[in-house]
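The values are calculated or read from the model by the stated rules, or taken from the named source; none is laboratory data. What you see is a predicted model; the values in this text were computed from it and never measured. Here the Cβ positions follow ideal geometry from the backbone for every residue, glycine too, while neighbour counts run over all protein chains shown. With ligands, DNA and RNA removed, areas are computed over all heavy atoms of the protein, side chains included. Shrake-Rupley method; radii C 1.70, N 1.55, O 1.52, S 1.80 Å.
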Amino acid sequence: MSPSPTASPRRALLAGVGGYLPRRIVTNDELALKLDTSDEWIRERTGIRARHIAEGEETAAFMGARAAEAALAAAGAGAREVDAIILATSTPDHAFPSTAVEVQALLGITRGFAFDVAAACSGFIYALAVAEGMIRAGQAEGVLVIGSEVYSRILDWSDRRTCVLFGDGAGAVFLHATREETGGRGVLSTHIHADGRHRDILYVDGAVGRRERPGHLRMDGQAVFRQAVTLLAAAVDEALAAHGLGREAVDWLVPHQANRRIIDAMGRRLGLPPERVVVTIDHHANTSAASIPLALAEAVGDGRIRPGDLVLMEALGGGLTWGSALVRM
Ligand code: ACO
């Protein structure tokens, strides 16, 4: 679709948000039955108490479709209004077709376009950046942006340094084109970055393109921690500076849920009281590209985040990739 030459500037309104979590919940104590770890160690170092783990038909496509349905329902929209599906995942059902196309079929949509974005834990911010750019450019009116992950299937379950950190799930937002003057609501801006020099501190050591091994997640936790604190602080500052806003303008921080200590550090940097930082890591663990839309779905669903609130999102993931987004709900 081409933009109308007479149209005033367009913006992507976040019209609805939804999530899906696998039925099975695995507590730290359950992990400690099979692994040399403890509830105390995991809680103290990460803030995680439990995570959802996918079973059977709960794949990235299945969960992504359920989250998308919830987001559309929250927006009061139907599948007919979806022009595009942009899905962030590191754990697709197949090498191809993309998981976005599988979600499209599950939703019964036969028009528009769909593709995946690979940016690990920053995937949702990347997908949001692509979607809002396309809406601003007039290439789409209604876009589903989804993060859906089954990290349980790429974890080395004998490696206590990594396997306790992650969970499965999916989150989605439905973006709809609006005009900039509509109360200032919508995605104000997105800011994405990558630096491949750090590709070996957080990665999966194989894929379908590599014959020798299927691939497990590997991480130098302390190196990731150091990079996260510095790069995320810069991404947060960048988002505020782009609009000449001070930290006090932010109503809510909805961060990627990697580690409670990183989340707390970002909240302190923004001077936000803890109750203004949305935290789900305790019951979701790290769901990678799904963590931000899942956290958003929870805080919108329970009435904490309301229309008109200014929400700052930030994420960092393997690559390294990182970024931020500022959204007026
Ligand atoms: N249970 C018990 N002991 C453990 C566990 C566990 N699950 N994992 C590690 N240990 C042990 C180690 O074996 C080590 O013991 P040793 O000294 O006898 O060898 C000791 O605990 C310390 O290990 P470290 O790896 O140094 O632990 P650290 O204090 O750095 O905490 C953690 C690890 C939580 C991963 C931390 O590095 C961190 O927060 N990193 C940030 C990265 C992150 O959050 N990653 C999440 C995914 S990436 C992302 O989303 C961006």
Could the peptides 291-300, 257-266, 217-226 be put in order, highest first, of the mean number of other beta-carbon atoms found within 10 Å of their residues? 291-300, 257-266, 217-226
Give the Cα extents of the chain along the principal axes, in whole Å, largest first. 64, 45, 39
Helix-only estimate, please: 222 nm mean residue ellipticity of the chain, summing -39500 (n - 2.57) across DSSP H runs of length 4 or more and dividing by its residues, to the nearest 500. -9000 deg cm²/dmol
Can you give me the accessible area per residue for the range 21-77, using a 1.4 Å probe, in Å²? 49
Whole number in Å², please: accessible area per residue of the range 273-329, 1.4 Å probe, ligands, DNA and RNA not counted. 25
For the chain, what does the relative contact order come out to in percent, with C-alpha contacts under 8 Å and a separation of six or more? 25
Residues in the range 49-85 that a label on Leu33 would reach, taking backbone N under 20 Å of a point 7 Å out along Cα→Cβ: 49-56
So, with points 7 Å from each Cα along the Cβ direction, the Ala234-Thr110 label distance in nm works out to 4.9
Amide proton proximity set for Ala119, modelled H, under 5 Å, gap of 5+: Thr89
Placing unit charges on C-beta atoms (Lys and Arg positive, Asp and Glu negative, everything else neutral), compute the dipole magnitude of the range 128-234 about its Cα centre in debye, rounded to 20. 260
Less than 15 Å Cβ to Cβ from Leu310, Lys/Arg counted +1 and Asp/Glu -1: what total charge do the surrounding residues give? +3
Protein accessible area in the chain, 1.4 Å probe - carbon and sulfur %: 52
